[in-house]
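Everything on this sheet refers to the single structure shown next.
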Amino acid sequence: MFEKQKQDVGENSSAIQAGGNVTITPYQELRAIFLDLFELNFPRIQQAARETADKRVEAMLDELKKSFEKHKNKIDPSKFEEPAMQYEMQAMAVDVARKGEKSNVDLLCELFCTMMSKDCPELIELIAAEARRILPNLSQKHVSYLSLEVLINEAAFNAPNLQIVDQTIGQTLAHISSCSKTTHGDLQYISVSGAIVARQITLVGLTPSFLKEIPELKGKNVEQLIEYSNKNGLRNIAELQEMIAKCHIGHFQLTAVGRLIGWLNLSKYSQVDVKQLFK
């Protein structure tokens with residue numbers, strides 16, 4: 001499975017050195033390099049541990065294939081030859097081999113494809129590299145909390161009416177539902193990771209920024225907003241407002257890394273290009 005791979009270079013392909021000659025074709029390029037780098041980092045571990053690590057890396061490669069196909073028109077193949085990018089690939093393979101699904105494999109793959117984009121600014125590459133380091137240490141609950149911060153403070157909705165807004169919020173909350181169990185200990189952990197920092201002044205009575213611009217809700221305080229939502233069948237808007245207090249929103253703010261992770265986790269529900277976030 002981890003044998004060195006050597007092939008003739010074909011049309012529209014390129015070759016790089018990663019512990020052996022590797023021929024570059026769209027997905028096989030990724031697979032060959034990742035397996036090569038993984039082999040270099042786990043050469044003599046015990047058989048049982050090796051089998052587990054193999055399965056984890058294979059699962060990551062399956063997920064990476066999905067991301068690679070999704071972003072194939074934006075990928076810059078020449079970046080695979082950069083030492084910095086091979087370092088990120090090596091670290092990613094090691095983290096996944098050690099922690100498996102707990103390393104947030106799907107988001108790691110999306111981060112990797114972001115770094116590999118043709119138009120990815122250097123700043124985003126730096127932020128994404130730091131996010132790659134942090135992600136394997138965050139639980140799904142932690143990632144969901146970062147997305148909740150994004151949803152409340154930065155998200156905007158282009159919807160024709162409140163019912164559609166409420167429906168969209170419901171889909172998003174289902175995706176990040178684990179954040180409802182966020183504790184003070186979780187917030188301290190996320191803070192130590194570098195994804196959030198404590199606010200100098202705690203904000204109370206927060207309402208999501210996108211709700212403030214909706215005519216029917218404009219000017220309403222928290223209690224009035226919840227009351228209006230409950231009376232008009234906007235259950236998800238009311239739930240979101242209640243989650244703000246439950247998850248202690250307003251005590252911390254996102255760092256650049258936390259912001260990128262939060263938006264990336266919401267990418268299936270938004271049209272935001274994460275490479276445009278830090279302009």
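The values are calculated or read from the model by the stated rules, or taken from the named source; none is laboratory data. If you're wondering where the values come from, they're calculated on a predicted model, not measured in any experiment. For neighbour counting, all protein chains shown are included, and Cβ atoms are generated from backbone atoms with ideal geometry for every residue, glycine included. For the accessible areas, the whole protein counts, side chains as well, though only heavy atoms, and no ligand, DNA or RNA atoms are used. Shrake-Rupley method; radii C 1.70, N 1.55, O 1.52, S 1.80 Å.
Key figures
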item: Burial order of peptide ranges 107-114, 151-158, 91-98 (average beta-carbon count within 10 Å, highest first); result: 107-114, 91-98, 151-158
item: Helix axis angle, 122-134 relative to the chain longest principal axis, alpha carbon, degrees; result: 90
item: Computed FRET value (nearest 0.05) for R50 with Y87, which takes r as the C-beta separation and R₀ as 25 Å; result: 0.65
item: Protection proxy ranking, peptides 57-64, 118-125, average beta carbon neighbours within 10 Å, highest first; result: 57-64, 118-125
item: Å² of accessible area per residue within region 132-279, as computed with a 1.4 Å probe and no ligands counted; result: 49
item: Ordering of 250-256, 237-243 by burial proxy (mean other Cβ atoms within 10 Å per residue, highest first); result: 237-243, 250-256
item: Under 27 Å from the Cα of K74 - lysines, other chains or at least 8 residues apart; result: K6, K65, K66, K118, K268, K275, K279
item: Portion, in percent, of the accessible area of the chain that falls on carbon or sulfur, probe 1.4 Å; result: 49
item: Relative contact order computed over the chain (Cα-Cα under 8 Å; 6+ residues apart), in percent; result: 18
item: 22 Å Cα-Cα reach of K246 towards lysines, excluding residues that sit fewer than 8 places from it in its own chain; result: K141, K181, K212, K220, K231
item: Global form of the chain, assessed from the alpha-carbon gyration tensor, a/c cut-off 1.5; result: prolate
item: Value at 222 nm in deg cm²/dmol, rounded to 500, when DSSP H runs of n ≥ 4 in the chain each add -39,500 (n - 2.57); result: -17500 deg cm²/dmol
item: Net charge, N230 excluded, C-beta distance under 12 Å - Lys, Arg +1, Asp, Glu -1; result: -3
item: Cα long-axis angle, helix 235-246 against the chain (0 to 90 degrees, to the nearest 10); result: 80
